[in-house]
Amino acid sequence: MSWRDFWNGEHAIYVSPRHKHLHYRAIAGDLIAHIPAPDAVVLDHGCGEALDAARVAASCGRLHLCEAAPNVREKLRAQFGRIGNITVVSPEEVEALPDASLDLVVANSLVQYLSGDELKALLRTWHGKLKPGGALIVADVIPPDVSPLTDASQLLAFAWRGGFLMAALAGLVRTAFSDYRKLRAQYGLSTYTPQAMSELIREAGFAEPQRPKNFGHNPHRMTFKALKPA
């Protein structure tokens, strides 16, 4: 099983429907805060189920939802297919988008599942698809010194605030015996220091990255925002 296979199948990453709902609501709010204009063309690369995509689409001109897992793409099309300014695309279809056609690219909680070479290739693709002056946001990047225990404690804190603490405790037990734990042990998750991620972004042709507040509930992970020079 690969990471793509994992996300394409049934999994228990979200410990309850409330957890999933609150997660995607928070991510949508974080994304909307970076949309530069009401007519902006936005790519959410690695969007997952994007349950609150309709709210994001209402804040921009067009929203491309990119997801590698075919089953997830079908769910996205079923849920958002009637919204005229939402397009569901595969990573291969992102490659076919016109150059200099995007105002904002967001990749949240994606790079940990990519190899270094895959990330470098995507950074070059995003640079090519962005308009001059467009922005790239790479969010929820894991530093090398953040452990699974830290992630678990942040989930429990989020669950306490969100009212699903018991479900979170049960979910952590399930995760300990799940395919996610096995895949993480087999493949690991890609981690980056702030300096290493900034250097990769600069090497792809972007300006010096900024460090805004991280997307989602875990402040121990990192978000980087960089502009394509005009």
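The values are calculated or read from the model by the stated rules, or taken from the named source; none is laboratory data. Only a predicted model underlies this, so the values are computations on that prediction, with no experimental measurement involved. Methodologically, a virtual Cβ is constructed for each residue, glycine included, from the backbone with ideal geometry; neighbour enumeration extends over all protein chains shown. Protein only, heavy atoms only, side chains kept; ligands, DNA and RNA dropped before computing areas. Shrake-Rupley method; radii C 1.70, N 1.55, O 1.52, S 1.80 Å.
Compute a Gaussian network model of the chain, connecting alpha carbons closer than 10 Å, and tell me which residue from VAL105, VAL173, VAL56 fluctuates the most.
Its mean-square fluctuation being the largest, the pick is VAL173.
Heavy atoms of the protein only, probe of 1.4 Å, neighbouring chains included. What is the accessible area of MET166 in Å², nearest 10?
Approximately 140 Å² for this residue.
Which percent of Cα-Cα pairs in the chain sits in each 10 Å bin, short to long?
The percentages, shortest bin first, are 8, 33, 39, 19, 2.
Helix-only estimate, please: 222 nm mean residue ellipticity of the chain, summing -39500 (n - 2.57) across DSSP H runs of length 4 or more and dividing by its residues, to the nearest 500.
Values: 10 runs with 103 residues, N = 230.
Result for the chain: -13500 deg cm²/dmol, rounded to the nearest 500.
For the chain, what is the percent of antiparallel DSSP beta bridges, rounded to the nearest 5?
Numbers: 6 of 24 bridges.
Counting only bridges with both partners in the chain, antiparallel ones make up about 25 percent.
Note the angle between two axes, namely the Cα long axis of helix 116-129 and the longest principal axis of the Cα atoms of the chain, as a number of degrees from 0 to 90, rounded to the nearest 10.
40 degrees
Using DSSP to call loops (not H, G, I, E or B), can you name the GluC sites (Glu not before Pro) in region 1-91 whose Cβ has at most 13 other Cβ atoms within 10 angstrom?
Values: sites: GLU10, GLU49, GLU67, GLU74; in loops: GLU10, GLU49, GLU67.
Of the GluC sites (Glu not before Pro), the ones in loops of region 1-91 whose Cβ has at most 13 other Cβ atoms within 10 Å are GLU10.
Dipole of the chain, Cα-centred, from +1 at each Lys and Arg C-beta and -1 at each Asp and Glu C-beta, to the nearest 20 debye? Intermediate results must be reported in sequence, preceding the final value.
Numbers: 25 positive and 23 negative charges, 116 e Å.
For this selection, approximately 560 debye.
Please compute the volume of the convex hull spanned by the alpha-carbon atoms of region 1-71 and report it per residue in Å³.
Details: hull volume 6.1 nm³, N = 71.
So the per-residue hull volume is 86 Å³.
What is the distance in Å between the Cα centroid of region 31-62 and that of region 65-91?
13 Å
Here are some pairs, LYS75/LYS225; LYS75/LYS129; LYS120/LYS228; LYS131/LYS213; which of them have Cα atoms lying more than 19 Å apart in this structure? Intermediate results must be reported in sequence, preceding the final value.
Working: LYS75/LYS225 29 Å; LYS75/LYS129 26 Å; LYS120/LYS228 15 Å; LYS131/LYS213 24 Å.
Pairs exceeding 19 Å: LYS75/LYS225; LYS75/LYS129; LYS131/LYS213.
For the chain, take the longest principal axis of its alpha carbons; what is the angle in degrees between that and the long axis of helix 17-32, to the nearest 10 within 0 to 90?
30 degrees
Hey, what angle do you get for helix 70-80 against the long axis of the chain, alpha-carbon based, 0 to 90 degrees rounded to 10?
Here the helix axis deviates by roughly 70 degrees.
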